[in-house]
Structures are given as C-alpha cells and as structure tokens.
Amino acid sequence: MALLSTIDFPPLIIETQGYAHRRIDLHSHTNYSDGGLSPQSLIDRAHNYQIDVLAITDHDTVAAIDIADNYIEEKNIPLTLIHGIEISTAWEGFEIHIVGLNIDKNNEVLTNLILSQQAARELRACTMGEKLEKCGFPGIYDDAKALAGTGSITRAHFAKVLYQQGHVSNMQQAFDKYIGKKGSKGQRAYVKPNWCSIEVAINAIHEAGGTAVMAHPIRYDLSAKWLRRLIVDFNEAKGDGLEVVLPQMNPEQRKKMLSYCLDYDLYASMGSDFHYPNKWSDLGRNLTMPVGAKPIWALWS
Ligand code: AMP
Ligand code: MN
Ligand code: MN
Ligand code: MN
C-alpha cells in the first residue's frame with residue numbers, strides 16, 4: 001500500500017505514562033465485526049498513517065486481536081496494539097455501546113459475556129431476517145450471515161445486503177426504512193436486541209483487567225437531560241471514562257464532553273470508530289485530547 005498522507009494529523013503531545021508524543025486511536029473495527037478491512041489491512045493502514053497506539057474494538061468479539069498481534073510481530077511493525085472490544089448494552093430502551101480497553105481477552109467472565117452477546121446477535125439476526133422476508137426481501141439473513149462470515153453479525157451487514165440487492169439506495173436508508181430504531185417501536189424490521197446491562201458490561205471489562213469507556217456519547221439521540229442521566233448511571237456502575245473526542249465532533253460538543261468528564265471525575269478517551277475508508281473520517285484523524293482532560297491511558301501504568 002502506498003504511504004498515505006499524514007497532512008491532516010497534527011502531532012499529539014501528551015505527557016502521560018510513556019504516551020508522550022504518540023499518535024493514538026482507541027476505537028476501530030475490522031471485518032471480524034462490521035469493519036471493511038481485515039486485521040492485517042487495518043494494521044497496515046494505521047502504520048501508514050503513523051499511528052503509534054491503536055485499539056481494535058470490534059462489536060462483541062475479540063477474534064481479530066490475535067491475528068493483528070501476530071501480523072505486527074511477523075512484520076515487525078512499530079505499533080502498540082491495545083486489546084479492546086465494543087460491547088452493546090441496553091439502557092432505558094436505548095442501545096449504548098461500552099468500549100473495553102486494555103483487556104485480557106481470554107478472561108473467563110468476559111468470554112462468557114461474549115458468548116451470550118453472540119447468541120443475542122444470532123437470535124436478533126434470525127428474527128430480523130424473518131421480518132425482512134415479510135417486507136418482501138427473502139433470503140437476506142443467509143446473505144448477511146455469509147457476509148459476516150465467522151465474525152459478529154450486525155445490522156450493518158443487513159444494511160449492506162439490502163443496498164447491494166438494490167432494495168435501498170444507501171446503507172443509511174436501510175436503517176431509516178427497515179432496521180433502525182427511531183421512535184419507540186423502531187422501523188418495520190427492527191428487532192429489540194437482548195443486550196446485557198451497562199453494569200454487566202463494565203463488570204466484565206473490569207474482571208478482564210480493562211478500562212470501561214462509554215462510546216460516542218453524542219450519537220445516542222438523547223436530550224441533554226437524558227444524556228446526563230446516562231452518564232450518572234454509567235458513573236454509578238463504575239465506568240471509567242467517556243469518549244470525548246470523535247473525528248466528527250464540533251468544538252462545542254468537545255467542550256460539552258470535557259465538562260461531563262470534569263463533573264463526574266471520569267477519564268477521557270478518543271477514537272475514530274473507523275469502519276472503512278470514507279471521506280468523513282479515518283484512522284487517527286482529528287483526534288486531540290482536550291487540555292484539562294485526564295487521558296484514559298493514564299490508568300495503564
Ligand atoms: P448492531 O451492533 O448490530 O446494532 O449494528 C449497528 C452498527 O451498524 C453500528 O455499529 C454502525 O457501525 C452501523 N450503523 C450504520 N448506520 C447506522 C444507524 N443509522 N444506526 C445504527 N447503526 C448504524
Ligand atoms: Mn459498527
Ligand atoms: Mn458504537
Ligand atoms: Mn464502534
């Protein structure tokens with residue numbers, strides 16, 4: 001792969017726990033969940049972008065991590081891979097994502113949670129397939145399952161299949177028309193998932209020696225009052241930090257996120273939530289820890 005431009009990335013200057021001057025991205029996906037790149041291609045991309053510290057945080061799976069670690073070792077790539085996961089949870093009828101960072105991926109409590117989350121994913125996928133069949137699209141479950149392969153099956157796989165078969169004009173429309181949840185009941189083929197609670201996810205992450213971060217707090221479509229309630233509950237469940245920096249956040253949102261961290265004494269994390277190359281976001285782009293935040297990596301001495 002050609003060396004990609006690094007022009008968008010100002011150097012990070014963060015003086016904590018050996019992470020000084022390092023380019024850091026703590027949220028990314030591979031094709032072991034709904035990312036577009038293999039673990040090896042993701043590592044190559046991160047290396048080409050001169051990222052020093054990358055977390056792989058696939059949805060409810062850690063299957064990509066050994067492959068990425070082996071590749072880094074084999075090619076002698078100067079990159080620190082943080083072992084991570086993004087766990088889907090249910091809170092007050094909303095789907096909230098909790099990122100676990102620096103986990104022991106073989107921990108028994110975490111492994112058992114992954115198994116039950118995978119079972120919930122499979123069950124939801126089957127029901128979603130049945131509902132889509134009633135919408136006039138037979139065989140979508142089989143195609144989504146084939147696309148997911150051995151990885152976590154997600155709604156993104158269904159959206160991609162619906163798009164590829166010409167039933168919607170883009171993936172977002174698949175969520176808006178069929179599988180998304182706007183309003184109390186969701187769209188025609190929406191299926192309420194049976195995710196674990198925030199508390200169970202945080203506990204499993206802690207059992208695995210990791211730190212628990214609330215992923216992308218701005219993306220839950222919550223009013224300010226509800227978002228604060230969520231953060232209070234997350235804090236009471238012993239969550240460690242908030243993802244205060246995502247590439248798409250505007251300065252106002254960044255300031256707001258930082259204020260939540262300060263109000264509740266939470267650490268701050270940052271990541272691109274990279275899924276596949278597109279023009280809006282990329283690995284490591286536009287990620288700078290705000291002044292005054294306690295970086296989550298300060299916990300990793
Ligand atoms: P799941 O974890 O199975 O609910 O799948 C959700 C994934 O679909 C998210 O992690 C996103 O990567 C992707 N996605 C894309 N557009 C949307 C949307 N409008 N709403 C929810 N998820 C979306
Ligand atoms: Mn995703
Ligand atoms: Mn997420
Ligand atoms: Mn994610």
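The values are calculated or read from the model by the stated rules, or taken from the named source; none is laboratory data. Computed from a predicted model, the values in this text were never measured in an experiment. With ideal geometry, Cβ positions are generated from the backbone for all residues, glycine too; neighbour counts draw on all protein chains shown. We work out accessible area using only protein heavy atoms, side chains counted, and drop any ligands, DNA or RNA first. Shrake-Rupley method; radii C 1.70, N 1.55, O 1.52, S 1.80 Å.
Assorted remarks:
- Subset tally (residues that are surrounded by 15 or more Cβ atoms within 10 Å (Cβ to Cβ), over 15 Å from the mean Cα position of the chain (by Cα) and not in a strand (DSSP E or B)) for the stretch 260-297: 14
- Options K75, K145, K134; residue that is farther than 25 Å from Y267 by Cα, within 16 Å of ligand 1 (Cβ to nearest atom) and open to solvent by 50 Å² or more (accessible area, probe 1.4 Å): K145
Rundown of residues vs (1) at pLDDT 95 or above; (2) open to solvent by 10 Å² or more (accessible area, probe 1.4 Å); (3) in a loop (DSSP other than H, G, I, E, B), yes/no style:
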| residue | (1), (2), (3) |
| --- | --- |
| T61 | yes, yes, yes |
| A64 | yes, no, no |
| Y71 | yes, yes, no |
| L81 | yes, yes, no |
| I85 | yes, no, no |
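- Taken together, K225, K255 contain a single residue that is at pLDDT below 95, open to solvent by 10 Å² or more (accessible area, probe 1.4 Å) and part of a helix (DSSP H, G or I), which is K255.
- Criterion: open to solvent by less than 10 Å² (accessible area, probe 1.4 Å) and under 14 Å from A208 (Cβ atoms) - qualifying residue of I24, I98, I51: I98
- The requirement of being closer than 27 Å to V109 by Cα, surrounded by 15 or more Cβ atoms within 10 Å (Cβ to Cβ) and within 16 Å of the chain's Cα centre (by Cα) is not satisfied by I218.
- Selected residue (only one of I103, I85 is within 16 Å of ligand 4 (Cβ to nearest atom), farther than 27 Å from N278 by Cβ and in contact (Cβ under 8 Å) with a residue 24 or more places away in the chain): I103
- Within the stretch 267-301, tally of residues that are closer than 19 Å to G210 by Cβ, out of contact with any Lys or Arg (no Cβ under 8 Å at 6 or more places or on another chain) and at pLDDT 90 or above: 11
- Only residues that are in a helix (DSSP H, G or I), surrounded by 13 or more Cβ atoms within 10 Å (Cβ to Cβ) and within 15 Å of ligand 2 (Cβ to nearest atom) were counted across the stretch 164-185, and they come to 4.
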